[in-house]
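K.L.:
Just passing along the structure, written as structure tokens.
Bear in mind that the values in this text are calculations on the coordinates, not laboratory data. Since the model is a prediction, treat every value here as computed from it, not as a measurement. Because the Cβ atoms are built from the backbone with ideal geometry, glycine has one as well, and the counts that use them run over all protein chains shown.
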Amino acid sequence: MVDPGRSRRWPAYAVAVLFLGYAVGKAAFALQARLGFPGGPPVSVTETESYFMDAATAQWFASASGVVGACVAIATVTALGRRVPRTLMLLVLAGMLLAVGGGAGVMILDAFVGIGVGWQWHHGVLGILALGLFLEMTRSYATSTRPVAVGRVDH
């Protein structure tokens, strides 16, 4: 049985790998000045031209966000990251959950219900996996950094 107060590091490492994969995919499309993600549904030319910035710039920003996300994931399990105030880190993780949950939610809904984006069933499985890993990483961080009550005895 797993000790609920013990930190698990592997979900954070897995989330970091997913974020780095996202960053690499976005960088590949940035070099081609295309929107989308390698292996994902195609983005039409009209959608590409409707954004307020060119596709390459948008993809470079998305790639940078993937690198930042990987750094935050690693920070949840490293000594340097544990120096960040717990409340601040939990706020950052909550904000990231909105982004990860939104992206994963669209992938899941479109893959299994069909909302017209073009994600397929295996993308939906990846969305479920990404969301589950992110939630486990956040839970692990929150329980391992929980303040210990002085004088409290649990029976």
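K.L.:
Could you pull out the chymotrypsin sites (Phe, Trp or Tyr not before Pro) across the stretch 52-141 that fall in loop regions by DSSP (anything but H, G, I, E, B) with no more than 14 other Cβ atoms inside 10 Å?
P.N.:
On the way: sites: PHE52, TRP60, PHE61, PHE112, TRP119, TRP121, PHE134, TYR141; in loops: PHE52, TRP119.
Passing sites in the stretch 52-141 are PHE52.
K.L.:
Can I ask one more? Could you tell me the relative contact order of the stretch 64-155? Use alpha-carbon pairs under 8 Å, at least six residues apart, and round to a whole percent.
P.N.:
On the way: 56 pairs, mean separation 22.3, N = 92.
Over the stretch 64-155, the number comes to 24 percent.
K.L.:
So which trypsin sites (Lys or Arg not before Pro) in the stretch 70-155 end up in coil per DSSP with only 11 or fewer other C-beta atoms within 10 Å? Write out the running numbers ahead of the final one.
P.N.:
Numbers: sites: ARG82, ARG83, ARG86, ARG139, ARG152; in loops: ARG83, ARG152.
Hits after loop and neighbour filter: ARG83, ARG152.
K.L.:
How big is the equivalent ellipsoid of the chain along its three axes, where each semi-axis is √(5λ) from the Cα gyration tensor, reported in whole Å from largest to smallest? Please report the intermediate quantities before stating the final value.
P.N.:
Details: eigenvalues 237, 63, 29 Å².
With the √(5λ) rule applied to the chain, the semi-axes are 34, 18, 12 Å.
K.L.:
Using Cα pairs closer than 8 Å and at least 6 residues apart in sequence, work out the relative contact order for the chain, in percent. It would help to have the intermediate numbers written out before the result.
P.N.:
Working: 171 pairs, mean separation 47.4, N = 155.
Result for the chain is 31 percent.
K.L.:
A further question follows. By what distance, in whole Å, do the Cα atoms of the stretch 79-155 stretch along each of the three principal axes, largest value first?
P.N.:
56, 30, 18
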